[in-house]
Amino acid sequence: MSTQNIRFRATSTKAHPPDKARQEEIERQVQETARRQGSQKRERSGEGAVERRKNGSED
Amino acid sequence: MQIAVSIADVVYHVVAAVALIVGGGWAYFKFIKGRTLKERLRVTVDGGLEPSSGLLRVTASCEAENISLRELQIAPEGTAVRLFVHTLAENPSEAREAAWELMGAWSVFGDREVLEPGEVLQEPKLLEVPEGGFAAMMLEFTVYSRSGSYWQAASVVTNRQAGDNQLRR
């Protein structure tokens, strides 16, 4: 995406009625993103490789 | 003398009745119609895109302002900013709504649970996305209250050079 310092903004005051399923879906996505980033950080710092060696999946 | 007392009594009751009606009307418009004590929030997401050596840096400033006269209990669950991208996969033959792909969701405001009347909370996020030729990007900021209600602001930015309709990712 060839962009050059584009800015965008949105504001809202509209209250939406309770939607428990949507709330749980967002929370699940937050945890999934955190888990994915956590594993990426471990990969970068080498911990992932150590763990794989411990598990015998990497020589 | 007795007539004067009776007149004063009537005037007193008339004034009391009028005061009650006026006061009740004021309270109705102030608190019921004006929703003064209802949960009200203004949410804003301010995004910025900056390409940087194979990466897209996305800045997302998330802001929530309590615009009611009562405190608002924030639910950490679901209070987050989500980043979506849209890729042009083919030439559309008819008008259609773009399909969005979730790139990630990040919690906002941590464990902060109470927002006082008039208080503004702001949290900046710096997100990094692999530069993959997306046609458009959407930032969506959602705040949930303990009552279950939620407020959401979403902003879309399109790629100005995505008009060639190629699969670019």
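Here is how the numbers come out for the structure above:
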read-out: GluC sites (Glu not before Pro) lying in DSSP loop within the stretch B:69-159, provided at most 11 other Cβ fall within 10 Å; value: B:GLU90, B:GLU94, B:GLU97
read-out: FRET efficiency, 1/(1 + (r/R0)^6) with R0 41 Å, evaluated for B:LYS38 and B:HIS13 via beta carbons; value: 0.70
read-out: Nearest-0.05 FRET efficiency for B:PHE31 and B:GLN122, computed from C-beta distance (R0 35 Å); value: 0.75
read-out: Rounded FRET efficiency, nearest 0.05, which uses the C-beta distance separating A:ARG9 from B:LEU102 and R0 of 22 Å; value: 0.55
read-out: Inter-label distance for B:GLU71 and B:LEU20, nm, one decimal - labels placed 7 Å from Cα along Cα-to-Cβ; value: 3.6 nm
read-out: Whole-percent carbon and sulfur share, accessible surface of the stretch B:10-169, 1.4 Å; value: 54 percent
read-out: Relative contact order (%) - criterion: Cα under 8 Å, at least six apart; region: chain B; value: 26 percent
read-out: Per residue, in Å², the accessible surface of chain B once ligands and nucleic acids are set aside, probe 1.4 Å; value: 56 Å²
read-out: ³J(HN,Hα) computed for each position of the stretch B:96-108 - Karplus, 6.51 cos²θ - 1.76 cosθ + 1.60, integer Hz, glycine/proline x; value: 7, 7, 5, 8, 10, 10, 6, 9, x, 9, 10, 5, 10
read-out: Cα long-axis angle, helix B:2-27 against chain B (0 to 90 degrees, to the nearest 10); value: 0 degrees
read-out: Pair A:ARG28, B:VAL5: separation of 7 Å Cα→Cβ label points (nm); value: 7.8 nm
read-out: Projected label distance in nm at A:HIS16 and B:THR59, using a 7 Å step from Cα toward the beta-carbon; value: 2.7 nm
read-out: Buried accessible area, chains B and A (both chains, 1.4 Å probe, Å² to nearest 100); value: 3400 Å²
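The values are calculated or read from the model by the stated rules, or taken from the named source; none is laboratory data. Treat the numbers as computed from the prediction; the structure is a model and nothing was measured. Note that each Cβ is placed from the backbone with ideal geometry, even for glycine, and that neighbours are counted across all protein chains shown. The area values use the complete protein model at the heavy-atom level, side chains included, leaving out ligands, DNA and RNA. Shrake-Rupley method; radii C 1.70, N 1.55, O 1.52, S 1.80 Å.
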